[in-house]
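The values are calculated or read from the model by the stated rules, or taken from the named source; none is laboratory data. It should be emphasised that the depicted structure is a prediction, and the values quoted were computed from it without experimental measurement. Reconstructed Cβ throughout: ideal geometry from the backbone, glycine too, with neighbour counts over all protein chains shown. Just the protein is used for accessible areas: all its heavy atoms, side chains included, with ligands, DNA and RNA removed. Shrake-Rupley method; radii C 1.70, N 1.55, O 1.52, S 1.80 Å.
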Amino acid sequence: MVKCEHLRYVESSIGTRPSRDLTFKFFDDGKLVIIDNDTGNTMNPRELSGGSYDFYVRQRLNRIRRQLTEKIAKYA
């Protein structure tokens, strides 16, 4: 069974750009699903910008670090 981590990001509106309410689903097998909570549509990381892109990158790096730490502990 593949585990999934759900994270929600609400970006405040800046200037003329509308705010975004996104749900990120990070799966242990590497799959990612990004859902725009306002429309229900899925997105890919290339469609992100500004704060939502920064959030995605930080979370992705944290997951990679955590997985590496777990593997080092397991095989050390």
Positive dipole terminus of the chain, leading residue within 50, 76, 4 (C-beta point charges): 76
Test of understanding: what is the full-extension gain from residue 41 to residue 70, defined as 0.36 nm times their sequence separation minus their Cα-Cα distance? 7.1 nm
Check which residues have an amide H placed less than 5 Å from residue 37's amide H, if you skip close sequence neighbours. 21, 22, 23
Hand me the trypsin sites (Lys or Arg not before Pro) from the chain located in a DSSP loop with no more than 14 other Cβ atoms within 10 Å, in residue order please. 3, 31
Please report, in Å, the Rg and the Dmax of the chain, where both are computed over Cα atoms only. 14.5, 52
Report, ordered by chain and residue number, the lysines lying within cross-link reach of residue 74, taken as a straight Cα distance under 24 Å and ignoring same-chain residues fewer than 8 apart. 3, 31
Quick one: length gained pulling residue 12 to residue 53 fully straight, 0.36 nm per residue minus the C-alpha distance? 13.4 nm
For the chain, report the accessible area per residue in Å² (1.4 Å probe, heavy atoms, rounded to an integer). 75
Under the helix-only model (-39500 (n - 2.57) for each DSSP H run of 4 or more, divided by the residues of the chain), the mean residue ellipticity at 222 nm, to 500 deg cm²/dmol, is -12000 deg cm²/dmol
Report the chymotrypsin sites (Phe, Trp or Tyr not before Pro) located in the chain that are in a DSSP loop and have at most 13 other Cβ atoms inside 10 Å of their Cβ, or state none. none
